[in-house]
Amino acid sequence: MRRPGGNSMLRIWVVVSLSCLTAGGLAQTVFEEIARNPHLCGNNYCVYPDSDYHRYTPAPEGKRPFYLSHYGRHGSRNMSQREGYDIPFEILSKADSLGKLTALGKKVLWQVGTVREDASNRWGDLTELGSRQHRHIARRMMENFPEVFEDSACIDARSTTKIRCILSMGAALQQMKAMNPHLRIRMDASKHDMWYLNHQDRVLRKKMMTPAAQQAYDVFTKKREHNERLMCSLFNDTAYVRQQVDDGTLNYYLYKLASILQDTRLEDSLHLFRIFTDEELYRIWQKENAWWYISFGPCLLNGGKQPYTQRHLLRRMIAEADSCIALPEPGATLRFGHETVVLPLTCLLELNGFGFQTMDLEEVERNGWVAYRVYPMACNIQIVFYRRDIFDKDVLLKVLLNEQEATLPLPSSIAPYYRWSDFREYYLKKLDAYQEY
């Protein structure tokens, strides 16, 4: 697919903004949200809304949490690919050697060089912020649902084989063990579990960008390709830009660098978002959001089946829940992986309306399919199970998306609580109905 072509107070705004979006719905337009807090346009580079202030609906009388099933993305990291740092640095360095940069261009080159040097040989690595995010999520998990983690409860933790995911798991489990040394913790990170923790469906991936999807995406993005102002602010020779600079590529990678800064120790000192206008950031976000919708959402341009890449994970979660419900003691199953799992799983579960399907990319944003509400760094889905005691067969659950109560496409007079029997029947039927290519 063709894609290229803050300080601590700002971090607080990210937390506040993302925390309020679920409750606030579309009260603000995306443009207004991004203008208020540019970090949101970073999509999957957004920092986690690391807040202790969550209001939960009380459980029905007598019901207590006893099991928690979780899938979480690794915490904040550096960009995964070295080229994300090298490409903009090389473009600007060459122009500087020829005397083609403005004063702002020289300043941006220095900032790009600084972040590039800081990330050297740490591409894709978890940052300290990423570790802290998982410690905080684990602490809140135990504080919000203490019955699940009481006494010598069993915690089964699994991670994909990426180091950033393993370290995220380790940070969470360290926090849990510090809060309750009696927990029985089992953790593993092996290729053995990759078939469901990070299933890469090659058949579906090949069908991701159909000719129809590519054509629609190209039309959508062409309307939003306006790089002239930024190029004129960075370069002093328009002919040079026209002949020597791929302005779409430079614009894309500068946006990526601006976005990733919020996840690093440099977020207080470098502010690359300032080189863009609010309108420019919004247009970039629109292109990215559409790309994620096609690639991992239920987009009808490619058949609407991409969320089924997570069918093995959902079946596994249901089967493990069945097993744990049969046990007399409390416990939790924790899984650590990637946003390319959390986002399609959210769509497969149809959480908060993210199962929305269309062939018109202009309709995606209008119908609330806004990816940064799902997959910031350390994003997670928690399914919390409730019952009165081991003899209670009327097991309830609620789903938390990034620790916020989420809606399911199921009937319930006690939402956000739903019956496990309804959940199980609905999703197994949905999975059974899927025809593999």
Given (1) part of a loop (DSSP other than H, G, I, E, B); (2) open to solvent by less than 40 Å² (accessible area, probe 1.4 Å); (3) closer than 30 Å to ASP389 by Cβ, index of the condition TYR56 fails = (2)
Would you mind stating whether GLN404 is open to solvent by less than 20 Å² (accessible area, probe 1.4 Å) and polar (S, T, N, Q)?
-> no
With the first residue restricted to the stretch 120-144 and required to be closer than 27 Å to VAL399 by Cα, and the second required to be part of a helix (DSSP H, G or I) and among the basic types (Lys, Arg), Cβ contacts under 8 Å at 6 or more apart or on different chains are LEU126/ARG164; GLY130/ARG164
For the stretch 258-279, what are the residues that are at pLDDT 95 or above, farther than 13 Å from VAL112 by Cβ and in contact with a Leu (Cβ under 8 Å, 6 or more places away or on another chain)?
-> GLN262, ASP263, THR264, PHE273, PHE276
Any idea how many residues of the stretch 325-378 are crowded, with 24+ Cβ neighbours inside 10 Å, assigned to a strand (DSSP E or B) and not hydrophobic (A, V, I, L, M, F, W, C)?
-> 2
Reported set for the stretch 274-283 where residues are open to solvent by less than 20 Å² (accessible area, probe 1.4 Å) and within 20 Å of TRP110 (Cβ to Cβ) is ILE275, PHE276
Expected single match for in contact with a Gly (Cβ under 7 Å, 6 or more places away or on another chain) and more than 30 Å from MET359 (Cβ to Cβ) among GLN111, GLN133, GLN174 is GLN133
Could you list all residues from the stretch 376-402 that are under 29 Å from PRO38 (Cβ atoms) and out of contact with any Ser or Thr (no Cβ under 8 Å at 6 or more places or on another chain)?
-> PRO376, CYS379, ASN380, LEU400
Matching residues in the stretch 78-129 - criterion: being surrounded by fewer than 19 Cβ atoms within 10 Å (Cβ to Cβ), over 26 Å from the mean Cα position of the chain (by Cα) and not in a helix (DSSP H, G or I) | LEU98, GLY99, THR102
Log entry, pairs with first residue in the stretch 263-281 being part of a helix (DSSP H, G or I), second being surrounded by fewer than 18 Cβ atoms within 10 Å (Cβ to Cβ) and among the hydroxyl-bearing types (Ser, Thr, Tyr), beta carbons closer than 7 Å, six or more apart or on different chains, reads ILE275/SER233
Restricted to the stretch 59-76, and to residues that are of a type outside the set (Ser, Thr, Tyr) and buried (at least 24 other Cβ atoms within 10 Å of the Cβ), which residue is farthest from the chain's Cα centre (by Cα)?
-> PHE66
Among the residues of the stretch 421-433, is any assigned to a loop (DSSP other than H, G, I, E, B), out of contact with any helix residue (DSSP H, G or I) (no Cβ under 7 Å at 6 or more places or on another chain) and either at pLDDT below 95 or farther than 27 Å from PHE336 by Cβ (or both)?
-> no
How many of the residues in the stretch 384-399 are hydrophobic (A, V, I, L, M, F, W, C) and surrounded by fewer than 22 Cβ atoms within 10 Å (Cβ to Cβ)?
-> 3
Are any residues in the stretch 299-312 outside any helix (DSSP H, G or I) and buried (at least 23 other Cβ atoms within 10 Å of the Cβ), and if so, which ones?
-> CYS299
Evaluate the following for ARG419: is it open to solvent by 20 Å² or more (accessible area, probe 1.4 Å) and closer than 26 Å to ASN302 by Cα?
-> no
Residues of the stretch 219-228 satisfying the condition of being surrounded by 12 or more Cβ atoms within 10 Å (Cβ to Cβ) and either in contact with a Gly (Cβ under 9 Å, 6 or more places away or on another chain) or assigned to a helix (DSSP H, G or I) (or both) | PHE220, THR221, GLU225, ASN227
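Of ALA321, ALA290, which residue is open to solvent by less than 10 Å² (accessible area, probe 1.4 Å), more than 22 Å from PHE145 (Cβ to Cβ) and at pLDDT 95 or above?
ALA290
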Mind counting the residues in the stretch 410-435 that are touching a strand residue (DSSP E or B) at 6+ places or on another chain (Cβ under 8 Å) and small (Gly, Ala, Ser)?
-> 1
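The values are calculated or read from the model by the stated rules, or taken from the named source; none is laboratory data. All of these numbers come straight from a predicted model, not from anything done at the bench. All Cβ positions, glycine included, derive from the backbone under ideal geometry; neighbour counts span all protein chains shown. Quick note on the areas: whole protein, heavy atoms, side chains included, nothing else; ligands and nucleic acids left out. Shrake-Rupley method; radii C 1.70, N 1.55, O 1.52, S 1.80 Å.
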